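Read through the structure below, which is laid out as structure tokens, and then see the notes.
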Amino acid sequence: MPSTTQRRRKNRKEMLEHLKSGPCTCCGRTFPPMEMCWDQVRGLDLPSFRISMHANHSWGAVLAQIERCDLVCRECFTYRRRFRTILQSRETIVPMTDSIHEQKALEQELKRHGNN
């Protein structure tokens, strides 16, 4: 018979998989939970932690962290991170858009104006 801790971990894992079963907020496609990522876009000034490393945090803290994130597929997550890194290296502040297509258009606009 599994211990209370083992049951709790299993329940948390199942809940997180359920929460990751929605569509990507960027491209709208749906993937298996293991292909989805949490991308923190709100509350960047607040302390944060990797949601996958949730064992030492209360369920309330995990949910609060998720509230500050968008659920995105790995492809969009990689693109968003790369895009932010490019912008931060230029010290340019550009708000994130909800659509990966809008982000690509914005990146092309920046290139066109010589901010490459």
- [ ] Could you run through the stretch 1-25 and say how many residues are modelled with pLDDT under 90 and buried (at least 16 other Cβ atoms within 10 Å of the Cβ)?
- [x] 1
Task: Filter result (outside any helix (DSSP H, G or I) and either in contact (Cβ under 8 Å) with a residue 12 or more places away in the chain or of a type in the set (D, E) (or both)) within the stretch 45-54 - done: D45, L46, S48, F49, H54
Open item on the list: Tell me yes or no: at least one residue of the stretch 29-44 is in contact with a strand residue (DSSP E or B) (Cβ under 8 Å, 6 or more places away or on another chain), under 15 Å from F77 (Cα atoms), assigned to a helix (DSSP H, G or I) and modelled with pLDDT of 85 or more.
Closed with: yes
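Going residue by residue through the stretch 46-54, is there one that turns out to be modelled with pLDDT of 85 or more and charged (D, E, K, R)?
The answer is no; no qualifying residue exists.
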TODO: Go through the stretch 2-16 and give me each residue that's outside any loop (DSSP other than H, G, I, E, B) and more than 14 Å from the chain's Cα centre (by Cα).
DONE: T4, T5, Q6, R7, R8, R9, K10, N11, R12, K13, E14, M15
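Is it the case that some residue within the stretch 56-63 is among the hydrophobic types (A, V, I, L, M, F, W, C) and either surrounded by fewer than 11 Cβ atoms within 10 Å (Cβ to Cβ) or touching a residue at least 60 places away in the same chain (Cβ under 8 Å) (or both)?
No, that holds for no residue.
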- [ ] Kindly list the number of the only condition in (1) under 24 Å from M15 (Cα atoms); (2) surrounded by 11 or more Cβ atoms within 10 Å (Cβ to Cβ); (3) at pLDDT 70 or above that fails for I86.
- [x] (1)
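The values are calculated or read from the model by the stated rules, or taken from the named source; none is laboratory data. Since we're looking at a predicted model, the values are computed, not measured. FYI the Cβ positions are ideal-geometry reconstructions off the backbone, even for glycines, and counts take in every protein chain you see.
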